[in-house]
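Encoded as structure tokens, the structure appears first; notes follow it.
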Amino acid sequence: MRFSRLLMGLACFAVGWGAFAPKTADALWRRYNAVSCYADNTYYTPPIYNSDNGGSDTFWVSGGGTDLVCPIDDDSYFPKTSISGVNIHGQVVTSGTNVAARACRTYWSTSGGACNAEVTAGYGNFTLQPSVGQWTSGGSDFGYFWIEGSGTIRVRGYYVY
């Protein structure tokens, strides 16, 4: 009788612990405001400004040949090799122009880097989802993505998941 009560108590404890014990989340994501990005002025110095549009910070970039570089966090909690996708949100303001984005990495041990193929969107609001293969294949390299606009664009922010 005592043995069966002991077994029942242990079983209840195990079920309770399994149901309420802290767990690591299986699905991770991070959300970034576009102020995390910076202008790459290597070839062109465009007018670029951060607009406080009623409390909604966005990056406005004007002029052709405009490039933004946006970093991603890469730590032991959510390494870039675990990232399965990215959503980049914004708006192409100038009619007849477009925006392109691609996921890239800079090699840690030598100069240079690599990028995935670009994805593009035209005039209006956009959500771009570039492939993140470069991030999953280069564990020690530094990941970022590159946004290029041929006219005035507004980048609101991005998610990695």
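The values are calculated or read from the model by the stated rules, or taken from the named source; none is laboratory data. For clarity, every value in this text was computed on a predicted model and none was experimentally measured. Positions of Cβ are generated from backbone atoms using ideal geometry, with glycine treated the same way; all protein chains shown enter the neighbour counts.
Restrict the check to segment 140-154 and report whether at least one residue is over 13 Å from Cys70 (Cβ atoms) and free of Cβ contacts under 8 Å to residues at least 60 places away in the same chain. Checking segment 140-154: at least one residue is over 13 Å from Cys70 (Cβ atoms) and free of Cβ contacts under 8 Å to residues at least 60 places away in the same chain.
The residue that is nearest to Val155 (Cα to Cα), counting only those in segment 125-141 that are at pLDDT 90 or above and touching a helix residue (DSSP H, G or I) at 6+ places or on another chain (Cβ under 9 Å), is Val132. Residues considered: Thr24, Thr42, Thr106. Of these, the only one that is at pLDDT 90 or above and out of contact with any helix residue (DSSP H, G or I) (no Cβ under 9 Å at 6 or more places or on another chain) is Thr106.
In segment 57-68, is there at least one residue being at pLDDT below 60 and part of a strand (DSSP E or B)? Within segment 57-68, one or more residues are at pLDDT below 60 and part of a strand (DSSP E or B).
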